[in-house]
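Where a number appears in this text, it was derived from the coordinates with a stated rule and is not lab data. These numbers were taken from a predicted model, which means no experiment stands behind them. Glycine gets a Cβ as well: all are built from the backbone with ideal geometry, and neighbour counts include every protein chain shown.
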Amino acid sequence: MPSLVASLISRGILKPVERHYGSPSLKEVLDAEDVDPRVYSLDGGMPFEAYFLERGPSDWAVFYSERGSRSGEVGFRTENDACLHFLNLVLRDSTTRREH
């Protein structure tokens, strides 16, 4: 993960002095990386075959919705950690980019 963050910093997408990385900034990075908005959700719901970042009552969850099931779910105490994990999953999946 550090190399992904370093790459985003070197391309000017992330700022190295800021440690907090919340979901509004996450949307901007996903758009800049040309990620198709149909393959992820930052707002809840549960479409099929999409990555999710979901806020719970006291934590955050990142998972992939596969045929209505929450696949590979990982919980996080902070939004920052959840966003970084979500970004790592989405950007490493070559099928998430928009088709031109």
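What does the net charge come to around R97 if you take all other residues with beta carbon closer than 11 Å to its beta carbon, with K and R at +1 and D and E at -1?
Its environment carries a net charge of -4.
Please report the equivalent ellipsoid semi-axes of the stretch 21-96, computed as sqrt(5 x eigenvalue) of the Cα gyration tensor, largest first, in whole Å.
17, 16, 10
Determine the relative contact order of the stretch 21-96: mean sequence separation of Cα pairs under 8 Å and six or more apart, normalised by residue count, in whole percent.
Worked out over the stretch 21-96, it gives 28 percent.
How would you rank 73-84, 48-59, highest first, on the average number of other Cβ atoms within 10 Å across their residues?
Packing order, densest peptide first, comes out as 73-84, 48-59.
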